[in-house]
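The values are calculated or read from the model by the stated rules, or taken from the named source; none is laboratory data. Fair warning: this is a prediction, and the values are worked out from it, not measured in the lab. Cβ coordinates were reconstructed from backbone atoms using ideal geometry, including for glycine residues, and neighbour counts include every protein chain displayed. Areas reflect the complete protein model, heavy atoms only, side chains present, ligands, DNA and RNA absent. Shrake-Rupley method; radii C 1.70, N 1.55, O 1.52, S 1.80 Å.
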Amino acid sequence: MLAVGVALIPLAYLATRAGEAGWDRMADELFTARTGELVVRSVALATVVTAACTALGVTLAFLVTRSDLPGRRLLGVLAALPLAVPSYVAAFAWVSTLQGDAGVGSFAGFWAAALVLTLVSYPYVYLPVAAALVGSDPAQEEVARSLGRGPWRTAVGVTLRQVRPAVAAGALLVALYVLSDFGAVSILRVDVFTRAIFTAISLGFDRTGALVLSTVLVALTALVLLAEQFSRRRAARYARLGGGAARPPGRVRLGRLRWPAVLGVAGVLGAALGVPAVSLLRWFGEGVSRPGSLGELADAAANSLGVALLGTGLTMMLALPVGLLSARAPGLLAMALDRLAYLSHALPGLVIGLSLVFFGINVAYPLYQSVWLLALAYAALFLPLAVAAVSAAVAQAPPGLEEVARSLGRRRAHVLRTVTVPLAAPGIGAGAALVFLTCMKELPATLLLRPTGMDTLATGLWTRTSVAAYAAAAPYAALLVLIAAVPTWWLSARTGVLTRTGG
Amino acid sequence: MAELRIADVHKAYGRVRALSGVHLTVRSGALVAVLGPSGSGKTTLLRCIAGFEPPDVGEIRLEGRRIAAPGASVPPERRRIAVVPQEGALFPHLSVLDNIAYGLDRAARRAGRATAVLELVGLAGLQDRMPHHLSGGQQQRVAVARALAPRPPVVLLDEPFNALDAALRAELRRDVWQALRADGATAVLVTHDQAEALSMAEEVAVMRDGRIVQSGPPELLYGSPADPWVAGFVGEAVWLPAVLDRDRADTPLGTIRLTALEGSAPTGTVRVLLRPEQITLVPPGAPNAVAATVVRRDFYGHDAMLALRLDDGTRVAARIFDPASAPPAVGDEVCLHVRGTARAFPPGERASGRRPRGRRPSGPA
């Protein structure tokens with residue numbers, strides 16, 4: 001319940017403010033051509049990016065885990081790394097790279113944003129799908145083959161259907177992420193909800209306008225969640241049937257497609273990783289040569305790590321019970337908890353930040369201006385990530401094992417510790433790493449809630465880019481990407497791409 | 001050692017009634033088989049005993065102590081009832097030894113209980129293997145060892161030999177039986193395999209539609225089934241129309257003595273039950289012999305089953321032993337003779353529920 005409480009703070013704030021503003025004011029703001037335009041553009045962007053991420057993520061996951069793609073171990077790990085690149089860093093890298101050739105402003109707008117967002121958020125689909133593909137039961141595929149289906153038809157008709165829950169969960173995250181992303185769309189000047197809300201607050205101090213727009217954004221998110229819920233109802237909860245002993249699944253032979261496939265994967269990785277890397281390296285040399293910058297950089301890095309760890313710890317603590325509940329007792333309550341946590345995820349970090357400032361001043365003053373409030377913001381923001389990871393992981397640990405353990409005289413808590421958690425540990429660890437990463441990258445809430453004078457890598461980067469000090473910003477960006485790459489690497493390795501697919 | 005007493009247990013899942021009034025008493029140290037077709041509620045009964053499901057109505061007592069009643073259930077971990085699930089369900093992240101030691105306290109671990117049980121199930125030397133490196137039979141042995149290790153007073157086995165091939169199954173049955181006896185545990189074995197139930201258990205409880213329709217020693221169940229359905233489920237049945245004459249029945253196979261019964265026996269026109277092994281081949285011209293034609297012959301090695309047609313069209317089956325010596329062929333004329341007594345049933349009931357031949361898939365029963 002505590003977890004839901006945390007997730008509900010921002011919604012409560014929205015409701016309170018909306019109540020203060022009154023319906024007439026709301027209606028005036030709501031029914032305008034501009035709002036309609038924003039809805040269309042936001043939805044279009046979310047749709048395009050989600051579709052692209054699903055296609056890209058599933059294809060990559062399949063190639064890496066289930067085909068004889070040359071160099072698949074390395075490619076498999078590299079493919080997860082774009083997760084370490086914050087969307088604003090990627091957008092900035094693309095803009096600064098392309099500006100040199102084609103002049104200012106050529107790389108902007110809807111399709112540019114769609115490209116950049118796809119390249120940074122496809123790992124949300126890729127990682128869970130790769131994990132599910134490695135863990136799925138090969139017997140069903142073998143049956144399909146024995147019934148006369150070829151390897152490709154089996155892959156499409158059986159294998160991909162088996163991992164549908166993972167695909168759906170990943171696509172949901174992408175859709176929510178795109179709806180709430182702020183960095184890339186503002187750098188690439190696409191007028192969607194988040195950018196409009198930010199403009200309303202930072203330029204016009206128009207809280208009611210921001211509020212109305214946030215409300216519509218929340219409604220959009222609710223629609224996405226509802227749609228996902230319907231698709232989930234038809235899909236079965238998945239678990240390996242039968243004994244716990246796993247056999248590694250078979251691989252599809254690519255034949256003549258081998259090298260084109262490698263080229264394709266390398267092309268995606270080049271766009272997602274190469275462009276930011278080259279651009280950052282170019283600015284990096286200029287950045288670190290300035291005097292005094294190294295100390296600041298080290299401080300910011302330490303702050304980033306500390307705050308992200310704190311946020312991750314708090315988030316995971318809150319997510320474990322919710323995830324367990326939604327996997328073990330899929331009742332109405334668990335579903336509502338699960339959905340509510342998602343709903344708050346789509347609120348822009350900005351709104352979360354503002355609502356927690358409000359909360360800190362009015363309700364929990366001792367927390368105000370402390371890292372704890374920031375950690376709370378992270379928890380409110382990233383609870384769904386963690387809940388999704390925990391419940392998927394726990395769903396992989398069959399309840400029959402817990403029953404056996406209890407019949408051997410072990411208490412629930414002991415069973416949880418010795419059976420459920422070890423079995424779900426890879427998934428839970430992956431969730432924690434994902435939360436940690438996202439905390440490191442989070443920008444708007446950090447900007448609003450950090451204690452005065454404290455700089456993290458993300459805020460340091462932001463402060464410097466906003467005054468166009470690209471050279472000074474680059475070391476922050478580079479370090480941020482490097483530090484974020486560590487959990488990403490581990491995450492990618494834990495899905496089994498590294499360890500279990502060798503051979 | 002503990003006596004298990006199940007009284008009037010009901011359990012429904014939504015509209016599906018899995019158990020509707022189960023009564024069963026398992027004597028201390030006995031091995032009781034709950035035998036029933038898929039969907040008869042036997043696995044639900046086992047889950048109620050283990051404490052994984054609370055009964056809706058009724059109570060379960062272990063050594064006089066009430067462990068399950070609506071609203072007052074002892075949690076599974078405090079019942080001291082171990083379970084061997086269908087597919088073993090070994091903990092995939094633990095080695096064989098750690099799996100077995102899972103339910104042991106520190107003192108028992110130090111005393112080497114885990115290795116002792118491992119030896120008991122015939123897997124000495126495999127303690128460091130991981131479950132996925134074991135064959136199906138070995139996994140099942142580890143599951144049995146894991147259940148026996150803490151010396152539970154009661155062990156529940158849920159179709160534990162289901163997934164194994166016939167030779168392995170017989171061997172494992174024997175070993176498990178010995179291991180259970182060595183510990184003196186009370187055991188409940190749930191199965192749909194009548195051969196398994198009859199051969200392993202001291203008492204068999206036949207379950208159908210959420211009720212126990214008959215329970216007793218295997219010999220009684222086979223020889224004196226309570227109704228035609230049980231008769232057909234626990235073995236091959238030969239049904240003959242008959243007219244009663246006090247303690248004898250006139251049948252197409254001649255006059256047969258009836259099994260002595262307590263209570264009221266049916267009178268007039270009835271059906272009588274014979275087992276195929278009661279019908280033997282005799283040389284032509286023997287007294288009381290009845291002629292028949294061989295319609296089909298199923299050869300099993302140790303015996304063979306003959307499907308026969310009498311001259312009046314009645315179909316019967318005979319099991320012949322030592323079939324290799326003088327095998328009658330299809331179409332041959334043979335002479336039949338009935339040994340032993342027959343059990344009479346009222347004529348109306350249909351003998352449904354044929355015994356399953358060989359293995360058949362079993363869902364949650």
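The table for this structure:
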read-out	value
Residue in the range B:133-152 that is open to solvent by 10 Å² or more (accessible area, probe 1.4 Å), on the phi > 0 side of the Ramachandran plot and without any contact (Cβ under 8 Å) to a residue 40 or more places away in the chain present	yes
Subset of the range A:388-433 [within 14 Å of chain B (Cβ to nearest Cβ), open to solvent by 20 Å² or more (accessible area, probe 1.4 Å) and small (Gly, Ala, Ser)]	A:Gly400, A:Gly409, A:Ala413, A:Ala425, A:Gly427
Among the residues listed as A:Leu69, A:Leu60, A:Leu38, A:Leu74, the single one being within 17 Å of A:Leu119 (Cβ to Cβ) and either aliphatic (A, V, I, L, M) or buried (at least 23 other Cβ atoms within 10 Å of the Cβ) (or both)	A:Leu60
Filter result (among the polar types (S, T, N, Q) and crowded, with 24+ Cβ neighbours inside 10 Å) within the range B:182-207	B:Thr186, B:Thr191
In the range B:2-25, the residues that are hydrophobic (A, V, I, L, M, F, W, C) and either in contact (Cβ under 8 Å) with a residue 40 or more places away in the chain or surrounded by 14 or more Cβ atoms within 10 Å (Cβ to Cβ) (or both)	B:Ala2, B:Leu4, B:Ile6, B:Ala7, B:Val9, B:Ala12, B:Ala18, B:Leu19, B:Val22, B:Leu24
Evaluation of B:Val96 against (1) touching a strand residue (DSSP E or B) at 6+ places or on another chain (Cβ under 6 Å); (2) among the hydrophobic types (A, V, I, L, M, F, W, C); (3) over 25 Å from B:Glu3 (Cα atoms) (one fails), failing number	(1)
Only listed residue being in a loop (DSSP other than H, G, I, E, B) and open to solvent by less than 40 Å² (accessible area, probe 1.4 Å), chosen from B:Pro287, B:Pro225	B:Pro225
Count - residues of the range B:103-113 that are open to solvent by 10 Å² or more (accessible area, probe 1.4 Å) and either modelled with pLDDT of 90 or more or assigned to a loop (DSSP other than H, G, I, E, B) (or both)	3
Scan of the range B:132-160 for residues that are in contact with a strand residue (DSSP E or B) (Cβ under 8 Å, 6 or more places away or on another chain) and assigned to a loop (DSSP other than H, G, I, E, B), ordered by number	B:Pro150, B:Pro152, B:Pro153, B:Glu159, B:Pro160
Matching residues in the range B:58-117 - criterion: being in contact with a helix residue (DSSP H, G or I) (Cβ under 9 Å, 6 or more places away or on another chain), among the β-branched types (Val, Ile, Thr) and within 13 Å of chain A (Cβ to nearest Cβ)	B:Ile67, B:Ile81, B:Val83, B:Val84, B:Val96, B:Ile100, B:Val117
The range A:461-503, subset among the polar types (S, T, N, Q) and modelled with pLDDT under 65, residue surrounded by the fewest Cβ atoms within 10 Å (Cβ to Cβ)	A:Ser466
Flag for B:Gly39 being modelled with pLDDT under 90, in a loop (DSSP other than H, G, I, E, B) and open to solvent by 50 Å² or more (accessible area, probe 1.4 Å)	yes
Any hit, the range B:158-181, residues being among the aromatic types (Phe, Trp, Tyr), open to solvent by less than 50 Å² (accessible area, probe 1.4 Å) and away from chain A (no Cβ under 13 Å)	yes
Flag for A:Pro276 being at pLDDT 75 or above and exposed (fewer than 15 other Cβ atoms within 10 Å of the Cβ)	no
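Results for (1) open to solvent by less than 40 Å² (accessible area, probe 1.4 Å); (2) at pLDDT below 85, shown as yes or no for each residue.
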site	(1), (2)
B:Thr280	yes, no
B:Arg297	no, no
B:Ala304	yes, no
B:Phe321	no, yes
B:Val330	no, no
B:Leu336	yes, no
B:Gly340	no, no
B:Arg343	yes, no
B:Ala365	yes, yes
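Table: residues versus (1) within 29 Å of the chain's Cα centre (by Cα); (2) of a type in the set (A, V, I, L, M); (3) in the same structural domain as B:Ala50 (by TED's automatic domain parsing).
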{"residue": "B:Glu77", "(1), (2), (3)": "yes, no, yes"}
{"residue": "B:Asp98", "(1), (2), (3)": "no, no, yes"}
{"residue": "B:Ala101", "(1), (2), (3)": "no, yes, yes"}
{"residue": "B:Leu118", "(1), (2), (3)": "yes, yes, yes"}
{"residue": "B:Leu123", "(1), (2), (3)": "yes, yes, yes"}
{"residue": "B:Leu126", "(1), (2), (3)": "no, yes, yes"}
{"residue": "B:Pro131", "(1), (2), (3)": "yes, no, yes"}
